[in-house]
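*Asks:* Here's a structure for you.
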Amino acid sequence: MEFNTADAKYMDQALALAKKAWGQTSPNPMVGAVVVKEGEVVGEGFHPAAGASHAEVLALNAAGQRAAGADLYVTLEPCCHRGRTGPCTDVILAAGVKRVIVATLDPNPLVAGQGVKKLRQAGVTVEVGLKEEEARRLNEAFFTFITKGRPFVTAKWAMTMDGKIACVGGTGSPISGPVAHRCVHELRHRVDAIMVGVGTVLADNPLLTARRFGKPTSKDPIRVILDSNLRTPPTARLLHSGSSAPTWIACLESAARGPSPLKELPGVELLPLPEKAGHLDLQALFQLLGTRQITHVLLEGGSTVNYAALQEGVIDKIICIVAPKLVGGAAAPTPMGGQGQREMSAAWPAKIHRTYMLGGDVVIEAYLDSKDSKGENPCLPD
């Protein structure tokens, strides 16, 4: 499909609009739309939240009668089914749009090319594939959630140049600088849930909230604690943070059957899980999170949790923040614990997507080689 520079410009505008709803649309995707008539933008819109009007509807409403005979640029295939809102294809046809340019098809089986088919059958010119890679990157969590029934998992850690995430016997003092620190809180705002192991809770006593430093009110992620035997102290700060976000504690089924003061705390829910290879069944956990419409999990675990997730194949993306520091210590923890591989040829391959600076720190974004390596940089400001 041949697209010109004007097409690319308007699709870039639609993608920028979609990003305005970072962290607000789950379990729906982020979508932007632009209506163009005779070289002039006459309407634009983005999907602000699940249950709200879709981007195409808002853009066409803004265009009004000028939408007749216009071009519509949209970052995701228009829906053709009735969910919380009506079919966008019906609104497009009623508006009299003559040409629709779609970045990528919707993987949802209820759409999956049917939206494009319906428009074409009605005589609308539909072109697909402009800025497709960027559009898929933007909604990588949605694509994984729809196609695999589980959340997209981003493992994030900060480490020193010699690969340490803490000093020997040290507490969880910051490793990265203030710019990276703010970026991490922005990332927390954008995901549905943040996950840590009970070891992190005991060692660092974190809040696990999203603090956006002067930006509009943030959305705290759901806190998910991996705690096989319910060792989380009832006095832990994350259980008394004042956040409206709940805390889910994943534990063994045997532990959930016993008494625990955690059961009495408001906002706390136990998630009983079977045991697998001596730890919680992470596959079962992520499938459960998928049934609860959790589309994106930020894994901020320690070395034990990270290695368990790596072994189970549930990590999709890695964000590694490298601080210009050296601490040494053979016993100092690294991002990945466990027994590890005996031969370098058996190492888990990763594909580096990009590197960039955040203040004085270097950020490396990578995907495990078996994963879809189309990913958006979630840290850099839009």
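The values are calculated or read from the model by the stated rules, or taken from the named source; none is laboratory data. It should be emphasised that the depicted structure is a prediction, and the values quoted were computed from it without experimental measurement. Because the Cβ atoms are built from the backbone with ideal geometry, glycine has one as well, and the counts that use them run over all protein chains shown. The accessibility values were calculated without ligands, DNA or RNA, using every heavy atom of the protein model including side chains. Shrake-Rupley method; radii C 1.70, N 1.55, O 1.52, S 1.80 Å.
*Asks:* Filtering region 331-366 down to residues that are in a strand (DSSP E or B) and among the basic types (Lys, Arg), which residue is farthest from residue 181 (Cα to Cα)?
*Replies:* Among those residues, the one meeting the criterion is 351.
*Asks:* Do we find that residue 112 is out of contact with any Phe, Trp or Tyr (no Cβ under 6 Å at 6 or more places or on another chain), at pLDDT below 95 and hydrophobic (A, V, I, L, M, F, W, C) in this structure?
*Replies:* Yes: the conditions hold for residue 112.
*Asks:* If only one of 182, 211, 257 is more than 24 Å from the chain's Cα centre (by Cα) and not β-branched (Val, Ile, Thr), which one is it?
*Replies:* After applying the criteria, what remains is 257.
*Asks:* Among 192, 204, 162, which is the only one that is in contact (Cβ under 8 Å) with a residue 60 or more places away in the chain, among the acidic types (Asp, Glu) and closer than 30 Å to residue 252 by Cα?
*Replies:* Going through 192, 204, 162 in turn, the sole match is 192.
*Asks:* How do the pairs read when you match residues in region 218-236 that are more than 16 Å from residue 289 (Cα to Cα) and among the aliphatic types (A, V, I, L, M) with residues anywhere that are in a loop (DSSP other than H, G, I, E, B) and open to solvent by 30 Å² or more (accessible area, probe 1.4 Å), using Cβ under 7 Å and keeping only pairs 6 or more apart or on different chains?
*Replies:* 236/205
*Asks:* Being out of contact with any helix residue (DSSP H, G or I) (no Cβ under 7 Å at 6 or more places or on another chain) and within 26 Å of residue 185 (Cα to Cα) is true for just one of 304, 235, 295. Which residue is that?
*Replies:* Testing whether each residue is out of contact with any helix residue (DSSP H, G or I) (no Cβ under 7 Å at 6 or more places or on another chain) and within 26 Å of residue 185 (Cα to Cα) leaves just 235.
*Asks:* Starting from region 172-186, keep only residues that are part of a helix (DSSP H, G or I), then list their pairs with residues that are hydrophobic (A, V, I, L, M, F, W, C) and open to solvent by 20 Å² or more (accessible area, probe 1.4 Å) whose Cβ atoms are within a distance under 6 Å, requiring at least 6 positions of separation or different chains.
*Replies:* 182/213
*Asks:* Additional query: Which of the numbered conditions does residue 196 fail, given that it passes all the others? Conditions: (1) β-branched (Val, Ile, Thr); (2) modelled with pLDDT under 90; (3) open to solvent by less than 50 Å² (accessible area, probe 1.4 Å).
*Replies:* Among (1) β-branched (Val, Ile, Thr); (2) modelled with pLDDT under 90; (3) open to solvent by less than 50 Å² (accessible area, probe 1.4 Å), residue 196 violates only (2).
*Asks:* Separate question: Across region 307-324, which residue is nearest to residue 30 (Cα to Cα) among those that are touching a helix residue (DSSP H, G or I) at 6+ places or on another chain (Cβ under 9 Å) and open to solvent by 10 Å² or more (accessible area, probe 1.4 Å)?
*Replies:* Restricting to residues being touching a helix residue (DSSP H, G or I) at 6+ places or on another chain (Cβ under 9 Å) and open to solvent by 10 Å² or more (accessible area, probe 1.4 Å), the top hit is 313.
*Asks:* Can you pull out the residues in region 92-129 that are open to solvent by less than 50 Å² (accessible area, probe 1.4 Å) and not in a loop (DSSP other than H, G, I, E, B)?
*Replies:* Across region 92-129, the qualifying residues are 92, 95, 99, 100, 101, 102, 115, 116, 119, 126, 127, 128.
*Asks:* Read through the list (1) open to solvent by less than 70 Å² (accessible area, probe 1.4 Å); (2) touching a helix residue (DSSP H, G or I) at 6+ places or on another chain (Cβ under 9 Å); (3) not hydroxyl-bearing (Ser, Thr, Tyr), then give the number of the only condition that residue 263 fails.
*Replies:* The one condition residue 263 does not meet is (1).
*Asks:* Out of the residues in region 278-290 that are in contact (Cβ under 8 Å) with a residue 24 or more places away in the chain and open to solvent by 30 Å² or more (accessible area, probe 1.4 Å), state the one that is nearest to residue 166 (Cα to Cα).
*Replies:* 279
*Asks:* Need pairs with beta-carbon distance below 8 Å; first residue within 14 Å of residue 100 (Cβ to Cβ) and within region 54-73, second of a type in the set (Phe, Trp, Tyr) and at pLDDT 95 or above; sequence gap 6+ or separate chains.
*Replies:* Once the first residue is within 14 Å of residue 100 (Cβ to Cβ) and sits in region 54-73, its partners that are of a type in the set (Phe, Trp, Tyr) and at pLDDT 95 or above give 55/46; 71/10; 73/10.
*Asks:* Can you tell me which residue within region 243-260, out of those that are farther than 24 Å from residue 187 by Cβ and not small (Gly, Ala, Ser), is surrounded by the most Cβ atoms within 10 Å (Cβ to Cβ)?
*Replies:* Selected residue: 251.
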